[in-house]
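Input: a single structure, listed below in structure tokens.
The values are calculated or read from the model by the stated rules, or taken from the named source; none is laboratory data. Just so it is clear, the structure is predicted and the values come from calculations on it, not from any experiment. So basically every Cβ, Gly included, is an ideal-geometry build from the backbone, and we count neighbours across all protein chains shown. Keep in mind that these areas ignore ligands, DNA and RNA; they rest on the heavy atoms of the full protein, side chains included. Shrake-Rupley method; radii C 1.70, N 1.55, O 1.52, S 1.80 Å.
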Amino acid sequence: LSKSVRTFASYGIGFRPPVLDDMCRNGKISGGFKVVNPNLKPEHIQTAEWGWKINCKDKITLTPSVWYSLGTDFMYYVSTGDSAFTTGFWSPVLRSENISKVELYGFELDATYAINDHFTLFGNYAYTQNKILKYELMEGSKLTDLTGKHLTDVPNHQFMVGGTWRNKIVNATISTRYVGKQWVNDANTEDTKYGLDAQYPSYNLTDVKLWRMVGRHVSIGASFINIFNHIYLTSKSQINPGRMIYGEIKLIF
């Protein structure tokens, strides 16, 4: 539209065949015990997106976008209502099923602010909403009708903000990210068997990365993930690993 404002629009169609493991193998997975479903069909999805890129005096860049997706025969793990005793405790029995129709939509905003050649601030916010529009059960099925329910493992709100400092001694990036609440199970109800509320609590984590160049072709550094060792439940009802530290060596050609 101009030297400082651009807009884009896109439309896409996606296709994914069922995973052979879901059709042929019973076994433990994250969040439960999986049983086979040899009748799985491929899923299809249509996605439309409209976004902008706005540059303000070469210092501030804003990239807002909105998107909408419609999935048919959406593959999704649902609870059968049974439990299995595995690895020393009871786990819900899950099965991958085709959900007739699922919609997802959201808004995202990326922002960067280059204060000068040494300091840059950045941030991102994402809002996501979803709903199962139609779930056709086979006659006599004991599964729960999930029509009108929300998908698990999809937080409505995610937010991240941070900054980077580049200098001759050591470069540093610090960032804080927030992950909103997520539904515990496919029925969107309290899990009384495991003592869980209907949604996992939200949480925020802080990460730090340090690095510097050694010569023109070698970079060494370290990343401190969840530096304050915040403990929370992941979307699979497992405790997160806590603070993690990674070393890094890069060869740049």
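Data table
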read-out: Gained length - Thr234 relative to Leu109, 0.36 nm times residue gap less alpha-carbon distance; value: 42.5 nm
read-out: Sparsely packed GluC sites (Glu not before Pro) within region 61-147, loop by DSSP, other Cβ within 10 Å at most 10; value: Glu139
read-out: Computed FRET value (nearest 0.05) for Thr47 with His157, which takes r as the C-beta separation and R₀ as 30 Å; value: 0.90
read-out: Student exercise, region 170-253 dipole from Lys, Arg, Asp, Glu Cβ charges, in Debye to nearest 20; value: 520 debye
read-out: Shape box of region 111-253 [Cα atoms, principal axes, largest first, Å]; value: 69, 28, 28
read-out: Antiparallel content of DSSP bridges confined to the chain, in %, to 5; value: 95 percent
read-out: 5 Å binning of all Cα-Cα separations within region 150-196, expressed as whole percents from 0 upward; value: 5, 16, 16, 12, 12, 9, 8, 8, 6, 4, 3, 0
read-out: Where Asp21, Asp117 fall by accessible area, highest first, once all protein chains stay in place (1.4 Å); value: Asp117, Asp21
read-out: Cβ charges +1 (Lys, Arg) and -1 (Asp, Glu), total dipole of the chain, debye; value: 1100 debye
read-out: Over 20 Å (Cα to Cα) - which of Lys28/Lys181; Lys41/Lys134; Lys131/Lys181; Lys34/Lys181 fall in this group; value: Lys28/Lys181; Lys34/Lys181
read-out: Exposed-loop-free span, longest in the chain, where trypsin sites (Lys or Arg not before Pro) count as exposed if DSSP calls them loop and at most 16 other C-beta atoms lie within 10 Å; value: 60-141
read-out: Tail fraction, Cα-Cα pairs, region 44-98, threshold 15 Å, whole percent; value: 70 percent
read-out: Aspartates and glutamates with Cα under 14 Å of Lys168, excluding same-chain neighbours fewer than 8 positions away; value: Asp117
read-out: For region 1-134, the Rg and Dmax computed from alpha carbons only, in angstrom; value: 21.4, 63
read-out: Cβ-placed point charges (K, R +1; D, E -1), dipole of region 1-95 about Cα centre in debye, nearest 20; value: 460 debye
read-out: Cα-Cα pairs of the chain separated by more than 35 Å (percent); value: 33 percent
read-out: Lys/Arg +1, Asp/Glu -1 at C-beta; the chain dipole; positive extreme among Gly148, Gly71, Gly180; value: Gly180
read-out: Dipole axis of region 1-124 (+1 Lys, Arg; -1 Asp, Glu on Cβ), positive-most option in Tyr113, Phe85, His44; value: Tyr113
read-out: Kirkwood-based Rg to Rh ratio, region 160-236, C-alpha trace; value: 1.22
